[in-house]
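This report concerns only the one structure given below.
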Amino acid sequence: MSLIHKFVQDDDYYVIDVNTGSVHAIDKLVYDLLDEDGLKTKEELINKFSGIYSKEEIAEAYEEIKELVDEEVLYSKDLYEEIARTSTKGKSYIKALCLNIAHDCNLKCKYCFAEEGEYKGCRMLMSPEVGKKSIDFVIEHSGPRNNIEVDLFGGEPLMAFDTVKEIVEYAKEQEKLHNKNIRFTMTTNATLLNDEIMKYADENMGNIVLSIDGRKEVNDNVRVRADGSGCYDTILPKIKKMVDMRDKNKQYYARGTFTRNNTDFFEDVKHMADLGFKEISIEPVVLPDDNPLSIREEDLDTIFQQYDKLYDEMLKRHKEGNEFKFYHFNINLQGGPCVYKRISGCGAGHEYVAITPDGDVYPCHQFVGNKDFKLGTIFDGNLNEKISNDFKEAHIYNKPKCIDCWARFYCSGGCQANNYNFNKDFNVPYEIGCKMQKKRIECSIALKAKTME
């Protein structure tokens, strides 16, 4: 089991204590002395490095390292396995809901996991009745939780904007009656935004995710209409207007996807930052290996270089007072997520579920349409406990590769859907995704450390 992880970012040296999350900026000497398999004795280190450093330098550095070990912020012991084993025994309460407003879309994005919104079924829009029943369902299954997240998703949810409004207004009534706080997020391709929708979204959405893939030529190659034409010129003015009018105390993301066709995605992030967007996400596509747009092992060196360039750019802009947030570089070094989230991730299947336009319940939006994972319906209210428990048990301590990985408390075992889709097993991580995640974690830790100086 990895207890520390050391890495170099832009000629700066860092070590992470895996179990506490402590991050130490170190020099080359300390970096060399540290061994990820455990701290060697002073004598062993002197014998190994005496040709590079003086005995006195090694002895002094060793004492500093030993002090951190004694303070339990380096080579600390695992604290969470017992928590993981016992926490799965209790009752689960739903805290987040993906509401698939539309199994339909007015775009035909070439990489869409939802098959242009159909989700392995037929085109369908959610009715107000199903939407309201879904709010009742999540309130009933939230138990003692006060905060509930609802993501209005699709397809394209704005194809049923009137239904969206009815659901949101109903939720406002119900949260008061049941002492809940329901926060809405909406993910949209932005094609249908108009002044009325933008005003309503700004007032009622805690977060708005606006889809655009960066540069015009990149976006218009994959985010296309039925006739094959691109949407960049249509959506960019609308996204900019939505962002400009957005309440500055509320969140948004200009969110894109990069594929094998634009592994130079740093240019897309930079393009969006240059357009004035301050909250940006460009995420790797996840597709089967035989898809021409899928990320391959041979692409990783190029992708890692892009993350390094992004680190440099974000640090430069921070120093200039013109910084932006990049979703995959967001990290909290002083607190971070709760213990259970570190162990098990998003909670798909037991704390987080997706509901289809006809009221079927699935572990998350990426399992929608796979009948093997149908948990139940909002109408009978009972969920398949075996499926739910299978997801609950898929925490890092039941994933052999994750147990030995230094990044286990940052990625929480990876996306359950990706693990299953690539390996038919929740407990076997999606390897390419793991490698990209580790690189992002290193960049995000280094960036946070540098910007806190």
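Rg then Dmax, both in Å and based on the Cα atoms of region 337-447: 14.8, 49.
Over the alpha-carbon set of region 101-183, divide Rg by the Kirkwood Rh and report the Rg/Rh ratio to two decimals. On the Cα set of region 101-183, Rg over Rh gives 1.04. Backbone geometry of region 380-387 corresponds, through the Karplus equation with coefficients 6.51, -1.76 and 1.60 at θ = phi - 60°, to 3J(HN,Hα) couplings of 8, x, 9, 9, 5, 5, 5, 4 Hz, x marking Gly and Pro. Reducing region 131-195 and region 389-453 to their Cα centroids gives an inter-centroid distance of 29 Å. Compared with the dominant principal axis of the Cα atoms in the chain, helix 161-178 is inclined by about 70°. Computed extension length for Ser2-Glu56: 16.5 nm, one decimal, from 0.36 nm per residue of separation with the Cα-Cα distance subtracted. Count the lysine pairs in region 387-451 that are 8 or more places apart or on different chains: how many have C-alpha atoms under 21 angstrom apart? Within region 387-451, the lysine pair count is 16.
Can you tell me the length gained on complete extension of the stretch Asp425 to Leu177, counting 0.36 nm per residue apart and subtracting the Cα distance? Could the numbers behind the result be given before it?
Numbers: separation 248, 0.36 × 248 = 89.28 nm, distance 4.11 nm.
Length difference between fully extended and current span is 85.2 nm.
Relative to the dominant Cα principal axis of the chain, helix 431-451 is inclined by about 70°. Amide H contacts of Gly155 (H built 1.01 Å from N, in plane; Pro and chain starts excluded): Asp104, Gly117 sit under 5 Å, all sequence-distant by 5 or more or on other chains.
What do you reckon, how do Glu453, Glu175, Glu320, Glu166 stack up by accessible area (1.4 Å probe), largest on top? Kindly include the intermediate steps, with their values, before the conclusion.
Numbers: Glu453 160, Glu175 40, Glu320 115, Glu166 80 Å².
Most to least solvent-accessible, the answer reads Glu453, Glu320, Glu166, Glu175.
Note on region 148-271: Rg/Rh from Cα positions, Kirkwood definition for Rh, rounded to two decimals, is 1.02.
Residues in region 311-328 carry Karplus couplings, in order, of 4, 4, 5, 5, 5, 4, 5, 4, 5, 7, x, 10, 7, 9, 9, 10, 3, 6 Hz; the curve used is 6.51 cos²θ - 1.76 cosθ + 1.60 with θ = phi - 60°, and Gly or Pro positions show x. Across the alpha-carbon atoms of region 329-402, the computed radius of gyration and Dmax are 14.4, 43 angstrom.
Across the accessible surface of region 1-60, with the other protein chains kept in place and a 1.4 Å probe, carbon and sulfur atoms take up 45 percent. Amide H contacts for Cys405 (H built 1.01 Å from N in the peptide plane; partners 5 or more residues away or on another chain; cut-off under 5 Å): Ser2. Accessible surface for Leu79 stands near 110 Å², nearest 10, in the context of the full protein assembly shown (1.4 Å probe).
Residues whose amide H falls under 5 Å from that of Cys109, counting only those 5 or more places apart or on a different chain, are Val224, with hydrogens built in the peptide plane.
Show log10 I(q)/I(0) for region 10-158 at q = 0.13, 0.14, 0.16 Å⁻¹, two decimals, from a solvent-free Debye sum over equal Cα scatterers. The calculated log intensity ratios at q = 0.13, 0.14, 0.16 Å⁻¹ are -0.76, -0.80, -0.90.
For the chain, report the % of Cα-Cα distances exceeding 37 Å. Could the numbers behind the result be given before it?
Numbers: 30417 of 102378 pairs.
When all Cα pairs of the chain are counted, 30 percent exceed 37 Å.
Here's the list of lysines a cross-link from Lys172 could span, going by alpha-carbon distance under 20 Å and ignoring same-chain residues fewer than 8 apart: Lys95, Lys132, Lys133, Lys180, Lys199, Lys250.
Over region 193-235, the hull volume per residue, using the convex hull of the C-alpha atoms, is 85 Å³.
Compute, for the chain, the length of the dipole vector about the Cα centre, with Cβ point charges of +1 (Lys, Arg) and -1 (Asp, Glu) only. Units Debye, rounded to 20. The partial results should precede the final answer.
Details: 61 positive and 79 negative charges, 233 e Å.
Using only the charged Cβ atoms, the result is roughly 1120 debye.
For region 369-379, the Karplus equation 6.51 cos²θ - 1.76 cosθ + 1.60, evaluated at θ = phi - 60°, returns couplings of x, 8, 4, 5, 10, 5, 7, x, 9, 6, 7 Hz by residue, with Gly and Pro reported as x. For region 238-338, would you read off the P(r) tail past 21 Å as a percentage of all alpha carbon pairs? Across region 238-338, Cα pairs with separations above 21 Å total 43 percent. Lysine pair count for region 20-91 (Cα-Cα distance under 18 Å; residues 8 or more apart in sequence or on different chains): 14.
The values are calculated or read from the model by the stated rules, or taken from the named source; none is laboratory data. This is a predicted model, so every value here is computed, not measured. All Cβ positions, glycine included, derive from the backbone under ideal geometry; neighbour counts span all protein chains shown. Each accessible area value is taken on the protein alone, full model and side chains, heavy atoms only, with ligands, DNA and RNA left out. Shrake-Rupley method; radii C 1.70, N 1.55, O 1.52, S 1.80 Å.
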